[in-house]
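S.K.: Please see the structure below; I have some questions.
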Amino acid sequence: MVYLINIKLREDYSNLIFYLSPLVAVFLTLFFGSFIFLLLDLSPIESFKIFFISPISNSYGISELFVKATPLAIIALGLSYCFKNNIYNIGAEGQLTMGAIFGGGIGLLFNDSTSIFLLPLMILFGAIGGAFWATIPALLKTKFNTNEILTSLMLTYVALFILDYFVVGPWKDPAGYGLPKSMPFPDAGRLPVLFDGLRIHIGVYFAIIICFISYIVYNKTLFGFKLRVSGFSSKASQYAGFKYKNLIFYTFLISGACAGLAGLFEVSGPIGLLYRDISPNYGFTAIIVAFLGRLNPLGIILSSLLIALTYLGAEDAQLFLKIPSAVGFVFQGLVLFFLLGTDFLNKYKVSIS
Amino acid sequence: MNIDLVIGILNIVLISTTPLVLAGIGELVTEKSGVLNLGLEGLMLVGAVTGFITLVLTGNYFYSLFFSIISGVILSGIFAFLVLNLMTNQIATGLALTIFGIGLSAMLGKKFSGTPIEGLNPYYFIVISFLLVLMVSYFLSKTKSGLIVRAVGENHNSAYALGYNVIKTRYMTIIFGGVMSSLAGFYISICYAPMWQEGMTAGRGWIALALVVFATWKPWRLLVGAYIFGGVAIMQMNLQAIGVKLPGQFFNMMPYLATILVLVFISSNKLRLKLSAPASLNIPFEKNQ
């Protein structure tokens, strides 16, 4: 008997499959992940428990989940503006770093301040720093037609060197035993925590507010409509008279500001000072979060929690299973592979006859 | 300026530029067939770590090279399956490959980081890189298969109508690109460094991607571009040696800034870029339309 696989372009667009496929991708990742655990001579069930369940089995763990999910969600929400417009800003890591430098710089400049305005000023400068760093690839794209993928990525390396320069040079803590880190920010420059003794901070509120605003922008405003149109076809948007270059510019600014905000929240929240490794690749991982959330604001919140769990799980896996925490990135890469793969079912109808 | 210094500089430029040439020439062929693979950085890292681990375990350079290449074949094969058969977004898939590669290489290499090995002489690979540029240039311009690759990259629908197998051609070019990237990774961890360290390719995969644009998809220009670039990157050391007073970080960021400048320079002429880029680049081929 001969089986033939028929592949046909879907005529009916299925919302159900569109939103279910991320779940399928997650399931496939877990399935595949168990093979990785088997290869490493570990029991899959035991490993999954350590990876996905035990990290969030107490209030501290749940707080940590939100601490990790907050920057991911904020960056990914910003990136969704770019990706909806088919603009690939992949330099969020650099924009995050610049936000931390700008906002953190304000905190160090006024390091004896007790004013309640210090933190708002730092937050403002964090967003400005990120937006400023995103302006560069945006300008190069609109004025010189330069590929934004490569320029935004190159600028990430540059931003990391600038941060390095500051923490080993002018901003080094004189009382820091020569370590490459700045002085701690004053208390007025620290992000308030939600519960005493836990690290979960008010950045969570920002993530929810940005999610809400994004929902309104995408569904109720002309700007959101323009984004959707130019995402489907940049030609159509030009024929409609939308200024495509402006759209590129604004989407870059928004995503940069969000990334900068996330960077500032990291340094003024959980970290409390500036040093070299302020971000465990949040800027890159947020790309996956945005895609996994289907560029939908609410979806991004959910996917940020899921991906945050891979960070926590990887840390625990390193501690208890003695496997490198980089296994978290392996899972993140896998989930994106599977998500893109399952998109196939969304576009095509497959039948076997 | 004495002759020893000049030779010394040339020597360093030759040694440090070779991985860019290797990865760049592979990606050039891939892009010529109309596929953009942003996963070079991940491919290089996995190639580097597999080569390194195999060498530590077996002590045999041939096995080490072999498994490094196999890693490139497997990973780029997965990429090819996704973008060709499942018609996924090439940019997102390439990014997934990079993130996966960063994670996988770090995971595999953790135990081996810091293990000392005896490096392989880099000069073989310098010669090979030149030969490869020569061969790719000849292949693309003088052979029938090369013409098919270009036809597929310029207009996959016409090429398909003429009876050429678009998917098969692209599988070949993607895997060629993958092998070249893993070779570049092998070179970095076995000849250039020689050691293993997480993320040791330091963005070279991305720079190789930029070089393909700089070269306007022409093999010889890629070679020239890579060496100009290598020269600029090495200049930082010499400027430091001469005694230019600047913090080290500013020298370190020069290669990345140079890449941006070069891209701006080459892209600002919109027409030229449009004429030289393969017309079907980054457009999925859908046979069932």
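S.K.: May I ask for the net charge around residue A:25, where only other residues with Cβ less than 14 Å from the Cβ of residue A:25 are counted and Lys, Arg are +1 while Asp, Glu are -1?
M.R.: Net charge in that neighbourhood comes out at 0.
S.K.: What residues have an amide H closer than 5 Å to that of residue A:181, excluding those fewer than 5 places away on the same chain, when H is modeled at 1.01 Å from N in the peptide plane?
M.R.: A:173
S.K.: Give the average, rounded to an integer, of partner chain Cβ atoms located within 10 angstrom of each Cβ in B:79-91.
M.R.: Partner-chain Cβ atoms within 10 Å, mean over residues of B:79-91: 4.
S.K.: Can you figure out the FRET efficiency of residue A:8 with residue A:239, using R₀ = 41 Å and their beta-carbon distance, to the nearest 0.05?
M.R.: The calculated FRET efficiency here is 0.85.
S.K.: Quick one: among A:257, A:131, A:175, which has the greatest mean-square fluctuation in a GNM of chain A with alpha-carbon springs under 10 angstrom?
M.R.: A:175
S.K.: Taking the beta-carbon count within 10 Å as an exposure proxy, list A:20, A:140 from fewest neighbours to most.
M.R.: In order of increasing Cβ crowding within 10 Å: A:20, A:140.
S.K.: Going highest first, how would you order A:38-51, B:186-199 by mean Cβ packing within 10 Å?
M.R.: Taking the mean over residues of other Cβ atoms within 10 Å, the ranking is B:186-199, A:38-51.
S.K.: Which whole number gives the average, over all residues in A:159-168, of C-beta atoms from other chains lying within 10 Å of the residue C-beta?
M.R.: The per-residue average across the peptide is 4.
S.K.: Would you list which lysines come within 24 Å of residue B:168, measuring only between C-alpha atoms, while excluding same-chain residues fewer than 8 positions from it?
M.R.: A:8, A:347, A:349, B:32, B:142, B:144, B:218, B:287
S.K.: If you don't mind, another one. Could you give each residue of segment B:210-220 its phi-based ³J(HN,Hα) in whole Hz, using Karplus coefficients 6.51, -1.76, 1.60 with θ = phi - 60°, and x for Gly or Pro?
M.R.: 5, 5, 5, 5, 4, 6, 6, 6, 10, x, 5
S.K.: Name the long-range amide H neighbours of residue A:201: under 5 Å, sequence gap of 5 or more, or other chain; modelled H, no Pro or chain starts.
M.R.: A:194
S.K.: Based on Cβ point charges of +1 for Lys and Arg and -1 for Asp and Glu, what charge dipole magnitude is obtained for the protein assembly as shown about its Cα centre, in debye rounded to the nearest 20?
M.R.: Charge dipole of the protein assembly as shown: 2040 debye, to the nearest 20.
S.K.: Next question. Going by the alpha-carbon gyration tensor, a ≥ b ≥ c the square roots of its eigenvalues, is chain A rounded (a/c under 1.5) or, if a/c is not under 1.5, prolate (a/b greater than b/c) versus oblate?
M.R.: Oblate.
S.K.: With point charges of +1 on the Cβ of Lys and Arg and -1 on the Cβ of Asp and Glu, referenced to the Cα centre of the protein assembly as shown, which listed residue (B:278, A:208, A:197) lies farthest in the positive direction of the dipole?
M.R.: Towards the positive end, the residue furthest out is B:278.
S.K.: Which distance in Å, rounded to a whole number, links the C-alpha centroids of segment A:62-78 and segment B:81-151?
M.R.: Segment A:62-78 and segment B:81-151 have Cα centres spaced 34 Å from each other.
S.K.: If you take the Cα atoms of chain B, find Rg, then find the Kirkwood Rh from the mean of 1/r over all pairs, what is Rg/Rh?
M.R.: Result: Rg/Rh = 0.98.
S.K.: Local charge sum around residue B:110 (other residues, Cβ-Cβ under 13 Å, Lys/Arg +1, Asp/Glu -1)?
M.R.: +1
S.K.: What percentages, rounded to whole numbers, describe P(r) for segment A:188-311 computed over all alpha carbon pairs with 10 Å bin width beginning at zero?
M.R.: 11, 36, 33, 15, 5, 0
S.K.: Same structure again: What's the ranking of B:103-110, A:236-243 by average number of surrounding C-beta atoms within 10 Å, highest first?
M.R.: The packing order, highest mean first, is B:103-110, A:236-243.
S.K.: Here is a further query. Roughly how many Å is it from the Cα centre of segment B:16-73 to that of segment B:195-228, as a whole number?
M.R.: Their Cα centres are 13 Å away from one another.
S.K.: Using the crude model of +1 on Lys and Arg Cβ and -1 on Asp and Glu Cβ, and no other charge, please compute the dipole size for segment A:67-325 relative to its Cα centre, in debye to 20.
M.R.: 1080
S.K.: Now for a different question. Please work out, to two decimal places, the log10 of the ratio I(q)/I(0) at q = 0.06 Å⁻¹ from a Debye calculation in which every Cα of the protein assembly as shown carries one identical scatterer.
M.R.: Rounded to two decimals, the profile gives -0.32.
S.K.: From Cα pairs below 8 angstrom and at least 6 apart in sequence, can you work out the relative contact order of chain B, rounded to a whole percent?
M.R.: It comes to 36 percent, rounded to a whole number.
S.K.: Further, regarding this structure: What does the net charge come to around residue A:134 if you take all other residues with beta carbon closer than 14 Å to its beta carbon, with K and R at +1 and D and E at -1?
M.R.: That sum, taken over residues with Cβ under 14 Å, equals -1.
S.K.: Indicate the gyration tensor shape class of segment B:1-136 (rounded, prolate or oblate), computed on the Cα atoms with a ≥ b ≥ c the square roots of the eigenvalues: a/c under 1.5 is rounded; otherwise a/b larger than b/c is prolate and the rest oblate.
M.R.: Since a/c reaches 1.5 but b/c is at least a/b, the shape of segment B:1-136 is classed as oblate.
S.K.: Something else about it: Enumerate by residue number the chymotrypsin sites (Phe, Trp or Tyr not before Pro) in segment A:86-132 meeting two conditions: DSSP loop (anything except H, G, I, E, B), and at most 15 other Cβ atoms within 10 Å of the site's Cβ.
M.R.: A:117
S.K.: Also, quick follow-up: Would you mind checking which residues have amide H under 5 Å from residue A:348's amide H? H placed 1.01 Å from N; only 5 or more apart, or other chain.
M.R.: Close amide H contacts, sequence-distant or interchain: A:10.
S.K.: Quote the FRET efficiency, to the nearest 0.05, computed for residue B:270 versus residue A:212 with a Förster distance R0 of 35 Å and r equal to the Cβ-Cβ distance.
M.R.: 0.35
S.K.: How long is the gain from residue A:225 to residue A:111 if the chain were fully straight, where each residue apart is worth 0.36 nm and the alpha carbon distance is subtracted?
M.R.: Contour length minus the Cα-Cα distance gives 36.6 nm.
S.K.: Let me ask something additional. Quick one: B:228, B:207, A:301, fewest Cβ neighbours within 10 Å first, how do they rank?
M.R.: B:228, A:301, B:207
S.K.: From the phi angles alone, apply the Karplus equation (6.51, -1.76, 1.60; θ = phi - 60°) to segment B:76-85 and give each ³J(HN,Hα) in whole Hz, x where the residue is Gly or Pro.
M.R.: 6, x, 4, 4, 4, 4, 5, 7, 8, 7
S.K.: Kindly state, to the nearest 0.05, the FRET efficiency for residue B:62 paired with residue B:143, given R0 = 41 Å and r defined as their beta-carbon distance.
M.R.: Result of the calculation: an efficiency of 0.90.
S.K.: Let me ask something else about it. Quick one: B:216, B:54, B:98, fewest Cβ neighbours within 10 Å first, how do they rank?
M.R.: B:216, B:54, B:98
S.K.: Using label points projected 7 Å from each Cα along Cα→Cβ, tell me how many nm separate residue A:351 and residue A:320, to one decimal.
M.R.: Calculated label separation equals 4.8 nm.
S.K.: What average number of partner chain Cβ atoms lie no more than 10 Å from the Cβ of the residues making up A:334-340?
M.R.: That average works out to 6.
S.K.: Restricting to DSSP H runs of at least four residues, report the calculated mean residue ellipticity at 222 nm for the protein assembly as shown, -39500 (n - 2.57) per run over all residues, nearest 500 deg cm²/dmol.
M.R.: Estimated from H runs of four or more residues: -23000 deg cm²/dmol.
S.K.: Work out from phi, with θ = phi - 60° and the Karplus expression 6.51 cos²θ - 1.76 cosθ + 1.60, the ³J(HN,Hα) of each residue of segment A:216-226, listed in order in whole Hz, and give x for Gly and Pro.
M.R.: Ordered by residue, 3J(HN,Hα) equals 5, 4, 5, 9, 10, 10, 5, 4, x, 5, 4 Hz.
S.K.: Say the dipole of the protein assembly as shown comes from +1 at the beta carbon of Lys and Arg and -1 at that of Asp and Glu; which of A:324, A:52, B:2 then lies farthest toward its positive end?
M.R.: Comparing the listed Cα positions along the dipole, B:2 ranks first.
Bear in mind these aren't lab numbers, they're just calculated from the coordinates by the rules spelled out. Please read all numbers here as calculations on a predicted model, not as lab measurements. Cβ: placed from backbone, ideal geometry, glycine included. Neighbour counts: every protein chain shown.
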